[in-house]
Amino acid sequence: MKLLKPMWLVKDIVTLTPEDFQKLGVRTIFIDVDNTLIALDNPFHNQDMQTWVKALQAKHIEVVALSNNTTKHVQTLVEPFGIPFVANAKKPTLLGLKKAMACVQAKKEYSILIGDQLFTDILAGNRMGIRTILVKSLGKKDLFATKIIRNIEKRVLGYICRKYHLNWR
Ligand SMILES: [Mg+2]
């Protein structure tokens with residue numbers, strides 16, 4: 001269960017400022033794409049998120065997209081952000097995350113992974129030994145398989161929140 005426990009639960013990631021990440025000693029942010037960086041049901045309405053990414057970059061915090069989706073899908077969505085990405089990441093395996101970390105020469109202790117799913121994002125980050133933040137899913141639209149998994153995740157998250165006294169912030 002510990003491998004599924006995020007460090008924090010943050011409703012809206014843009015409420016965390018570059019200074020917040022600096023205080024955590026974070027230099028590299030690995031961020032999931034679908035329903036974390038962009039809302040799948042409204043993918044090109046993401047000005048807030050773009051502003052957030054730019055503010056981080058201005059403080060020399062690197063943002064790297066890490067997605068299990070295809071290169072074609074990720075490339076189109078990430079392009080407006082001008083950030084590097086790794087697609088077909090196969091989270092919760094460490095394949096994509098290792099590749100992404102090597103690509104930007106990130107160190108575990110200065111890294112954090114942000115995503116909206118326990119069984120892929122949070123599990124991958126925890127397995128790698130980097131800090132993790134779970135966010136609320138940005139969109140209502142999900143792939144069919146994701147929908148089923150989300151229901152199970154909801155129950156597991158409820159259990160984790162009770163066990164570790166975690167709350168959304
Ligand atoms: Mg996602």
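The values are calculated or read from the model by the stated rules, or taken from the named source; none is laboratory data. Just so you know, these numbers come straight off a predicted model, no measurement behind them. Neighbour counts run over all protein chains shown; Cβ positions are idealised from the backbone, glycine included.
Given the conditions (1) modelled with pLDDT of 95 or more; (2) in contact with a strand residue (DSSP E or B) (Cβ under 9 Å, 6 or more places away or on another chain); (3) surrounded by 14 or more Cβ atoms within 10 Å (Cβ to Cβ), and given that Thr71 satisfies all but one, which numbered condition is not satisfied?
(3)
Which numbered condition trips up Gln105, out of (1) touching an Asp or Glu at 6+ places or on another chain (Cβ under 8 Å); (2) on the phi > 0 side of the Ramachandran plot?
So the condition that Gln105 fails would be (1).
Can you find, within the range 35-68, the residue that is modelled with the lowest pLDDT among those that are assigned to a loop (DSSP other than H, G, I, E, B) and charged (D, E, K, R)? Spell out how you get there, then give the answer.
First pass over the range 35-68, keeping only residues assigned to a loop (DSSP other than H, G, I, E, B): 35-37, 39-46, 59-61, 67-68.
Those still in the list that are charged (D, E, K, R) too: 41, 59.
Working: Asp41: 91, Lys59: 98.
The selected residue is Asp41.
Among the residues of the range 1-20, what is the count of those that are more than 10 Å from Ile133 (Cβ to Cβ) and outside any loop (DSSP other than H, G, I, E, B)? First the steps, then the outcome.
Of all residues in the range 1-20, those more than 10 Å from Ile133 (Cβ to Cβ) come to 1-5, 11-12, 14-15, 17-20.
Now narrow it down to the ones that are outside any loop (DSSP other than H, G, I, E, B): 2-4, 14-15, 18-20.
Total meeting the criteria: 8.
For the range 111-139, which positions are in a loop (DSSP other than H, G, I, E, B) and away from the ligand (no atom under 13 Å from the Cβ)? First the steps, then the outcome.
Taking the range 111-139 first, the residues in a loop (DSSP other than H, G, I, E, B) are 116-117, 129-130, 136-139.
Gly129, Ile130, listed by residue number.
In this structure, is Leu94 over 16 Å from Pro6 (Cβ atoms), without any contact (Cβ under 8 Å) to a residue 40 or more places away in the chain, surrounded by 14 or more Cβ atoms within 10 Å (Cβ to Cβ) and out of contact with any Pro (no Cβ under 9 Å at 6 or more places or on another chain)? Step through it out loud before you land on a result.
Working: over 16 Å from Pro6 (Cβ atoms): yes; without any contact (Cβ under 8 Å) to a residue 40 or more places away in the chain: yes; surrounded by 14 or more Cβ atoms within 10 Å (Cβ to Cβ): yes; out of contact with any Pro (no Cβ under 9 Å at 6 or more places or on another chain): yes.
Judged against the criteria, Leu94 is a match.
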